[in-house]
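> Got a structure for you, questions after.
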Amino acid sequence: MKRLAVSILCLALAGCAIEKAEVRTPSFDEQLPAPQPSYASGSIWQAASAGIAEDHKARRKGDIITVVIVENASASKQATTDTDRKASISASIPYLMGLEKQKLILGKLTGADLGNLLGASTDSTFGGSGATTRKENLVATMSAKIIDVLPNGNFLIEGRRNVKVNNEDQIIILQGTVRPRDVSPDNTVNSSLIADARITYTGEGVISDRQRPGWLMNFLDYIWPF
């Protein structure tokens with residue numbers, strides 16, 4: 001009885017656990033110290049300073065870049081199958097030395113009819129149809145941080161945004177790779193230009209909890225064989 005109670009308690013605790021959508025990488029939380037000025041060369045110009053002709057685009061590890069998320073995806077597929085096959089076969093002996101009229105088999109009168117010895121037919125029909133439609137739309141603007149600069153110059157970016165309204169958290173997580181040339185002069189990049197993009201939009205709170213079935217329903221659905 002104690003084992004049963006412990007099992008039920010463990011199951012309840014496991015069902016109450018909520019999967020967190022937040023993803024953190026060590027590079028994201030890394031705080032880069034500001035470069036210390038050095039006037040050893042006798043010049044007031046520092047190597048870490050931006051050039052006179054340089055723009056304000058992100059280019060170094062730790063810089064911030066603005067991402068304009070515009071994701072529109074739609075897909076539709078429809079298939080129809082219709083097959084029909086018919087076959088028939090028949091055999092008879094119209095004339096056999098007059099025996100077809102006597103209906104003789106093994107010297108005895110029977111009900112056999114030589115004019116209709118064999119007859120068979122088959123009919124097979126199959127019909128199937130299916131259709132699927134999916135449409136998604138996500139529009140948002142958020143900032144991301146350059147967590148690493150690859151040897152070829154591309155940027156690994158990651159950003160998180162959490163908006164809480166009436167105890168309901170709306171969470172956006174963005175990860176991907178950006179080419180420096182795709183960053184516009186105003187330091188923005190469109191989400192369609194991000195390679196290996198991973199965009200997660202989820203929520204946590206009372207409303208989000210109501211969108212998921214209870215733990216007991218999930219358990220029964222998992223073990224139900226039908």
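The values are calculated or read from the model by the stated rules, or taken from the named source; none is laboratory data. Computed from a predicted structure; not experimentally measured. When we count neighbours, we look across all protein chains shown, and the Cβ atoms used for this are built from the backbone with ideal geometry, even at glycine. Ligands, DNA and RNA are stripped out before the accessible areas are found, and what is left, the full protein with its side chains, is counted by its heavy atoms. Shrake-Rupley method; radii C 1.70, N 1.55, O 1.52, S 1.80 Å.
> Could you give me the residue pairs with C-beta distances under 9 Å whose first residue belongs to segment 68-94 and is loosely packed, with under 10 Cβ neighbours inside 10 Å, whose second residue is of a type in the set (Gly, Ala, Ser) and not in a strand (DSSP E or B) wherever it lies, and which are 6+ apart or on separate chains?
Note: pairs meeting the criteria are Pro94/Gly115.
> Further question: List pairs: first in segment 141-158 and of a type in the set (D, E, K, R) and modelled with pLDDT of 90 or more, second surrounded by 19 or more Cβ atoms within 10 Å (Cβ to Cβ) and part of a loop (DSSP other than H, G, I, E, B), Cβ under 9 Å, 6+ apart or cross-chain?
Final answer for the pair search is Lys145/Ala58.
> So which residues in segment 42-79 are β-branched (Val, Ile, Thr) and at pLDDT 85 or above, if there are any at all? So that I can check it myself, show each step before the final result.
Initially, segment 42-79 is screened for residues β-branched (Val, Ile, Thr), giving 44, 52, 64-70.
Within segment 42-79, Ile64, Ile65, Thr66, Val67, Val68, Ile69, Val70 qualify.
> For segment 201-226, give me each residue that is of a type in the set (Val, Ile, Thr), open to solvent by less than 100 Å² (accessible area, probe 1.4 Å) and at pLDDT below 75. Before you say what the answer is, go through the steps one by one.
Our first condition is that a residue be of a type in the set (Val, Ile, Thr); within segment 201-226, this holds for 202, 206-207, 223.
Then drop every residue that is not open to solvent by less than 100 Å² (accessible area, probe 1.4 Å), which leaves 202, 206, 223.
If the condition is that a residue be of a type in the set (Val, Ile, Thr), open to solvent by less than 100 Å² (accessible area, probe 1.4 Å) and at pLDDT below 75, then Val206 is the only one that fits.
> Further, regarding this structure: Considering only segment 150-173, state which residues are open to solvent by less than 60 Å² (accessible area, probe 1.4 Å) and either closer than 30 Å to Ile89 by Cβ or among the aliphatic types (A, V, I, L, M) (or both).
Within segment 150-173, Leu150, Leu156, Ile157, Ile171, Ile172, Ile173 meet the criteria.
> Within segment 147-183, track down each residue that is over 20 Å from Lys61 (Cβ atoms) and of a type outside the set (A, V, I, L, M). First the steps, then the outcome.
Looking only at segment 147-183, we keep the residues that are over 20 Å from Lys61 (Cβ atoms), and these are 161-172.
Residues satisfying the conditions are Arg161, Asn162, Lys164, Asn166, Asn167, Glu168, Asp169, Gln170.
> Do we have Ala144 as of a type in the set (Gly, Ala, Ser) and under 13 Å from Arg59 (Cα atoms) here?
Working: of a type in the set (Gly, Ala, Ser): yes; under 13 Å from Arg59 (Cα atoms): yes.
The answer is yes for Ala144.
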